[in-house]
Amino acid sequence: MAKVVKMAQLDLATISVEAPVLVDTKSRSASVAMPMLQTTELTYTLSGDGGSVEVLCDNEQAEKIHEIDGVLIATIADSSEDWFGRKINIDQVERMFRPTLQGNRNPRQVLNASKLKFFDNQMKPCDTFPPAGSAMFIMRLDDIHFEEKVCEARWSLVQAKEAIEVAASPANDPMFVS
């Protein structure tokens with residue numbers, strides 16, 4: 001498994017973006033290299049089809065995701081001439097970039113969950129993922145998707161650990177950073 005860091009410990013300087021490659025006639029995809037992120041305990045809701053999870057962000061996560069979006073926007077603007085053959089200023093990139101978080105007062109993030117591995121609070125693998133609840137997540141920034149004059153960061157969940165009912169220390173969990 002790739003390196004996992006707690007959300008607050010992510011060094012933004014470790015984020016790098018490769019030049020976008022053509023996916024089809026209207027879209028491109030740019031790979032992003034950075035560590036996977038471990039969240040704090042967050043409230044979530046599973047989509048009806050199980051393909052995505054919506055998490056209600058705490059202040060720490062919301063702030064870090066805004067910072068990551070800022071790094072991606074700056075990188076796109078700085079690299080636009082090499083990538084697209086013309087200079088796109090940061091204001092233009094900000095207008096074309098769909099923010100990762102939805103909502104201002106209660107920011108939410110929708111993440112792909114098609115390959116999510118779910119564990120109970122004892123770190124035993126589970127076959128079912130409760131439709132709603134509270135969990136700690138390990139998430140990955142997969143890529144930046146460009147389609148016509150719009151782009152967005154695409155995130156996915158790798159693992160989820162069900163929240164512990166009674167307060168306990170995560171220090172004994174080998175898969176989660178303490």
(request) Report the residue count in region 85-108 for those that are touching a residue at least 40 places away in the same chain (Cβ under 8 Å), open to solvent by 40 Å² or more (accessible area, probe 1.4 Å) and not in a strand (DSSP E or B). (result) 1
(request) Filter region 49-107 down to residues that are of a type in the set (Lys, Arg) and farther than 20 Å from residue 146 by Cα, then give me how many there are. (result) 2
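The values are calculated or read from the model by the stated rules, or taken from the named source; none is laboratory data. Everything numeric here is computed off the predicted structure, so don't read it as measured data. Here the Cβ is made from the backbone with ideal geometry for all residues, glycine too, and neighbour counts use every protein chain on show. Side chains are part of the model used for accessible areas, which takes the heavy atoms of the whole protein and leaves out ligands, DNA and RNA. Shrake-Rupley method; radii C 1.70, N 1.55, O 1.52, S 1.80 Å.
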